[in-house]
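Structure first, commentary second.
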């Protein structure tokens, strides 16, 4: 009986070791073991209304997310995967009109086109537009809340981009 228990435990141990070495998983994401490096090209800003530094800010924030939530290292010379982005939308619009023809809230929407290039497996390349928004009170000046709104929206965008990039392995 002890021999059977020992054998089962040994088999389970080997299965766990094998599963652990076959891929890297974090929070439901998996990254192929032969993928070790990434590169994020500075996001182009094609929107006339966005702050001039938004491309650099979003690029740095996304690089930080990938660095902190994966085992990948940054490499701008020979990366295994690349992210190329263009900020396509930075739109402030009114929402929730009230009876007296005023609006209760405004909405800031940011859209970004991402091209994902996987140099290890070209079949996994993709290009997609991501868009998210956040509302703020109509009586609030956009400049007073702009930085916080950009931070909040970019977190949502980066979660979407991250999921699309690393769930399809």
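The values are calculated or read from the model by the stated rules, or taken from the named source; none is laboratory data. Small disclaimer: the values here were computed from a predicted structure and weren't measured. So basically every Cβ, Gly included, is an ideal-geometry build from the backbone, and we count neighbours across all protein chains shown.
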Checklist entry - residue 93 versus (1) at pLDDT below 95; (2) assigned to a helix (DSSP H, G or I): which is the lone unmet condition? => result (2)
Checklist entry - Here are some residues: 33, 52. Which one is at pLDDT 70 or above, in contact with a helix residue (DSSP H, G or I) (Cβ under 8 Å, 6 or more places away or on another chain), part of a loop (DSSP other than H, G, I, E, B) and exposed (fewer than 12 other Cβ atoms within 10 Å of the Cβ)? => result 33
Checklist entry - What about residue 132, is it under 20 Å from the mean Cα position of the chain (by Cα), without any contact (Cβ under 8 Å) to a residue 40 or more places away in the chain, surrounded by 16 or more Cβ atoms within 10 Å (Cβ to Cβ) and outside any loop (DSSP other than H, G, I, E, B)? => result yes
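Looking at the structure I just gave you, is residue 86 touching a residue at least 12 places away in the same chain (Cβ under 8 Å) and under 19 Å from the mean Cα position of the chain (by Cα)?
Against the criterion (touching a residue at least 12 places away in the same chain (Cβ under 8 Å) and under 19 Å from the mean Cα position of the chain (by Cα)), residue 86 qualifies.
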Next on the checklist: If I ask for residues that are assigned to a loop (DSSP other than H, G, I, E, B) and in contact with a strand residue (DSSP E or B) (Cβ under 8 Å, 6 or more places away or on another chain), which ones from the range 141-167 would you list?
Outcome noted: 167
Item to check | the range 135-151: number of residues that are crowded, with 16+ Cβ neighbours inside 10 Å and closer than 19 Å to residue 66 by Cα | outcome: 1
